[in-house]
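The values are calculated or read from the model by the stated rules, or taken from the named source; none is laboratory data. Values in this document were obtained by computation on a predicted structure and should not be read as measured data. For neighbour counting, all protein chains shown are included, and Cβ atoms are generated from backbone atoms with ideal geometry for every residue, glycine included. Accessible surface areas use protein heavy atoms only, side chains included; no ligands, DNA or RNA. Shrake-Rupley method; radii C 1.70, N 1.55, O 1.52, S 1.80 Å.
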Amino acid sequence: VIDFRSDNTHGASPEMFEALQRAAAGNATSYGDDHLTARLRERCRDLFETDVDLFPVVTGTAANALALAAMTPPDGTILCHANAHIIHDELGAAGFFTGGATLLPLPGDDGKLDPETIAAAPPASCLSIANATEAGTVYTPAHLASLGEAARRHNLGVHLDGARFTNALASLGCTPADLTWRAGVDVLSFGATKNGCLAAELLVVFRRELAAAIAPLWQRSGHRLSKTRFLAAQLEAYLDHDLWLRNARHANACARRIAEGVTEIDGVAIVRPVDANVVFLRLDAHIAEALETAGILFYDWPLFGPDVYRFVSGFTTTDEDITRLLATITP
Ligand SMILES: Cc1ncc(COP(=O)(O)O)c(C=O)c1O
């Protein structure tokens, strides 16, 4: 089956199973005080070029909600883009974890916010930004830093939803530090499940006092796994031998190939810039039908207009998948 529905439909990199098998041998201290989680923290300090605290969790929604709850009181406001996953797809998780905070959607082209919009927004507790964005675009470190600066001036905490952080990083070729704390990010939801892990996401905290606020929430919400070592093992395997970057580069290259393959084809329009691994296309009805008849899977994306569809590539997308997609689209 040829599947462009989501990077969540892809399985897991084989390296995960070897890592889990190694991690399963012997005993280890429970609740995240194990040697694998400690080693991951050292690894992340090197990777991000600064001290960090880590909270491994199993979903991106939990990572986002825990981060936001640590920065927002129950009557607080969280600023985010109008297309944000936290407002569209998480069924009020941020409100639930904060005990009632409000998400305030802000406008911005191509899924991106601008510093002026943040400056003009009503008083709030924090700002949540996604990179890569839900529109498949990527903020540069300079653009992100301008948001971080606007947030600092308005006394807002800054959360980065990095469900596709590695796709953004691979697209830009900058360092993880440039795309996080150097741009004013206080806490990162570092995604890994979409890009090779079985089920592992990592909250990376760049401010010590935030870590102190997250720690009890992590436990109380049931996200502190007794065998956290199995999450650490996945995340370590993810970073080993550049697996994370290799997987994301592959997915991004597949999306680029799709975008290049459909330019100048009648009945097809690329509706958002393709910076990472997500392509939004407006398709004439006969093309969408031909794709469905060919058994190619993809989602409608009415959020971006009528006849708009989303095509997501992932680490297991093959050249053959793309060839078949393009051959079915091309008259
Ligand atoms: C931008 C973004 N943030 C967060 C998430 C949440 O991840 P999860 O489905 O693991 O809760 C997703 C998943 O699709 C996402 O696309």
Looks like the range 48-155, by Cα gyration tensor root eigenvalues a ≥ b ≥ c and the a/c under 1.5 rounded cutoff (else prolate when a/b is bigger than b/c, oblate otherwise), is rounded
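What relative contact order, as a whole-number percentage, does the range 28-179 give when Cα pairs under 8 Å and 6 or more residues apart are counted?
Values: 231 pairs, mean separation 32.5, N = 152.
Relative CO of the range 28-179 lands at 21 percent.
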With label points set 7 Å from each Cα along the Cα-to-Cβ direction at R41 and R324, the distance between them in nm comes to 4.6
For L303, placing the label point 7 angstrom along Cα-to-beta-carbon and taking the range 1-42, residues whose amide nitrogen sits under 19 Å are 4-10
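Per residue, how large is the accessible surface of the chain? Use a 1.4 angstrom probe and give square angstrom. Can you show the working numbers first?
Values: 13710 Å² over 331 residues.
Dividing the accessible area of the chain by its residue count gives 41 Å².
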Ratio for the chain, C-alpha Rg to 2.2 N^0.38 Å, reads 0.99
In units of 2.2 N^0.38 Å, the Cα radius of gyration of the range 163-322 is 1.24
Sorted on mean Cβ neighbours within 10 Å (highest first), peptides 217-223, 310-316 come out as 310-316, 217-223
For W244 the rounded accessible area (nearest 10 Å², probe 1.4 Å, non-protein molecules ignored) is 10
On the accessible surface of the range 137-239, probed at 1.4 Å with all protein chains in place, carbon and sulfur together account for a percent value of 53
Dividing the mean separation of Cα pairs under 8 Å (6+ apart) by the residue count of the chain yields a relative contact order in percent of 23
Bridge orientation stat for the chain from DSSP, antiparallel percent rounded to 5, came to 50
Kirkwood calc, the range 272-331, C-alpha pairs only, radius in angstrom 12.1
Helix-only [θ] at 222 nm, the chain, -39500 (n - 2.57) per DSSP H run of 4+, per residue, nearest 500, equals -12500 deg cm²/dmol
Row for the range 131-246, column shape: gyration tensor on C-alpha, a ≥ b ≥ c, rounded if a/c < 1.5 i.e. under 1.5, prolate if a/b over b/c, else oblate; value oblate
